[in-house]
Every structure is written in structure tokens, then in C-alpha cells.
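Have a look at the structure below, then the notes.
The values are calculated or read from the model by the stated rules, or taken from the named source; none is laboratory data. These numbers come from a predicted model, not from an experiment. Reconstructed Cβ throughout: ideal geometry from the backbone, glycine too, with neighbour counts over all protein chains shown.
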């Protein structure tokens, strides 16, 4: 093969690979956006999940069970002994072990907010479809903003339901944080009292207002 033909062939292969990569990214992004829109369309979400902290260097793998009730901007989140109540305007973080309640501004504490996962597609990411077999698709999201505390997010999506099955955050410190949805129901009414802190349920608790 002549040098000129080799160059043409190489350029053709490069163009084909670039096109496939672009299609791969677009497919992954479309699935992520579709899933996020579906999740945000529900009037309510109730879920059980596991949260696993993984540190490969230290051979650590600790798993905790959690529960979530979500309706719009309101939620109740229970995980690792902490109960978070948010009525959309105020966030209460309750620690029954030390009998303390901390009052926070939800806008400044997005870490607690489960809606942040559903709005991931709104951030600038580079998408990559890792696999799509049967009902499950695995998508990697790489942040384009360097100041993020993670290097990658891996999502497993149930395509038939447009539902997130698993999320893994790869932190810049080497830790991995994995969330696996074990049960999820949607649309069932949730009493508004479930999203607000009731002092009567926590007698003797010290309250610290950090707003």
C-alpha cells in the first residue's frame, strides 16, 4: 500500500471512530436526559436503597441501608443514623444518637438533596455509553468543570422504566460512593408532615440554627 493510501485509510478510520464516539455520547446523553425528565415528572417517590463507601487502597467496603420520601422540593432522607427533613424552605438534620437537631438552608446544602441526582444532566458533562445490554445501560459522566469533587459518575439505567438503578461517584480522594435502589414506588400521596421537623417527636433535643 502506498504512503498516500495509508494516510487516506488512516484518516478515514479516524473519521469513522470520531463519528462513532459522537453517536455514543449523544445516545448516552439522550438516555440520561430522558431518565431525568421521567423521574422529575413523578408527583412523589418513595425508595429504599443501600449506600456503600468503598476505599480500594484501604480495603474498606461499608454498606448502609437508607430510605427516601420525595415530593417536589420536599423530602425526608434517613441514612447512617441521620434523618433529614426538608419542606422546601428549611432543612433539619436530626442526629438521635446525640439528641441534636441542626437547622440549615437547603439551598446551601445540596449534598442532602436527592433531587441533585435527577438533575445531573443539567451540569456540563462528557458522556460515554459503557454498555447497553438487555434492559440495562451503563453510562459514565465525566465533569467538564475541574473544581468538582469527583472524577466520574457511573449510572446504571433500567431502559424499560427510564429509572436509575445504581449510581457510583468516583471521588478525587480515591473513595467511591455507590447508591443502589432496592425498591421504588411512585405517585403515592405522602403526608406533608413527613417533610417537616416536629419537636414533639424529639423531646430533649438541642436545636442549632445554622442559617
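Can you find even one residue in the range 99-119 that is over 28 Å from residue 201 (Cα atoms), part of a strand (DSSP E or B), touching a residue at least 12 places away in the same chain (Cβ under 8 Å) and under 13 Å from the mean Cα position of the chain (by Cα)?
Checked the range 99-119: no residue is over 28 Å from residue 201 (Cα atoms), part of a strand (DSSP E or B), touching a residue at least 12 places away in the same chain (Cβ under 8 Å) and under 13 Å from the mean Cα position of the chain (by Cα).
Any residue that is out of contact with any helix residue (DSSP H, G or I) (no Cβ under 6 Å at 6 or more places or on another chain), modelled with pLDDT of 90 or more, within 21 Å of residue 194 (Cβ to Cβ) and surrounded by 15 or more Cβ atoms within 10 Å (Cβ to Cβ) - is there at least one of those in the range 116-128?
No, every residue in the range 116-128 fails to be out of contact with any helix residue (DSSP H, G or I) (no Cβ under 6 Å at 6 or more places or on another chain), modelled with pLDDT of 90 or more, within 21 Å of residue 194 (Cβ to Cβ) and surrounded by 15 or more Cβ atoms within 10 Å (Cβ to Cβ).
Testing residue 148 on (1) in contact with a helix residue (DSSP H, G or I) (Cβ under 9 Å, 6 or more places away or on another chain); (2) surrounded by 14 or more Cβ atoms within 10 Å (Cβ to Cβ); (3) not in a strand (DSSP E or B), one condition comes back false. Which one is that?
Just one mismatch for residue 148, condition (1).
Can you pull out every residue in the range 174-198 that is surrounded by fewer than 13 Cβ atoms within 10 Å (Cβ to Cβ) and touching a residue at least 60 places away in the same chain (Cβ under 8 Å)? Give the derivation first.
Filtering the range 174-198 down to residues surrounded by fewer than 13 Cβ atoms within 10 Å (Cβ to Cβ) leaves 174, 182-183, 185, 187-189, 191-193, 198.
Passing the criteria: 174, 182, 183, 185, 187, 188, 189, 192.
If you check 53, 70, which single one turns out to be surrounded by fewer than 18 Cβ atoms within 10 Å (Cβ to Cβ), touching a strand residue (DSSP E or B) at 6+ places or on another chain (Cβ under 6 Å), in contact (Cβ under 8 Å) with a residue 24 or more places away in the chain and part of a strand (DSSP E or B)?
So the residue among 53, 70 that is surrounded by fewer than 18 Cβ atoms within 10 Å (Cβ to Cβ), touching a strand residue (DSSP E or B) at 6+ places or on another chain (Cβ under 6 Å), in contact (Cβ under 8 Å) with a residue 24 or more places away in the chain and part of a strand (DSSP E or B) is 53.
Taking the conditions exactly as written (in contact with a strand residue (DSSP E or B) (Cβ under 8 Å, 6 or more places away or on another chain) and without any contact (Cβ under 8 Å) to a residue 12 or more places away in the chain), does residue 171 satisfy them or not? Steps first, please.
Values: in contact with a strand residue (DSSP E or B) (Cβ under 8 Å, 6 or more places away or on another chain): yes; without any contact (Cβ under 8 Å) to a residue 12 or more places away in the chain: no.
So residue 171 does not fit the description; no.
Just name the residue that is surrounded by the fewest Cβ atoms within 10 Å (Cβ to Cβ) out of those in the range 73-87 that are without any contact (Cβ under 8 Å) to a residue 40 or more places away in the chain and under 17 Å from residue 197 (Cβ atoms).
Within the range 73-87, the first condition is being without any contact (Cβ under 8 Å) to a residue 40 or more places away in the chain, and the residues that meet it are 77-84.
Now narrow it down to the ones that are under 17 Å from residue 197 (Cβ atoms): 77-79, 81-84.
Working: 77: 21, 78: 15, 79: 17, 81: 11, 82: 15, 83: 18, 84: 24.
Per the criteria, the residue is 81.
Return yes when residue 157 is closer than 30 Å to residue 100 by Cα, in a strand (DSSP E or B) and touching a helix residue (DSSP H, G or I) at 6+ places or on another chain (Cβ under 9 Å) and no when it is not. Before you say what the answer is, go through the steps one by one.
Working: closer than 30 Å to residue 100 by Cα: no; in a strand (DSSP E or B): yes; touching a helix residue (DSSP H, G or I) at 6+ places or on another chain (Cβ under 9 Å): yes.
Taking the combined requirement at face value, the residue does not satisfy it.
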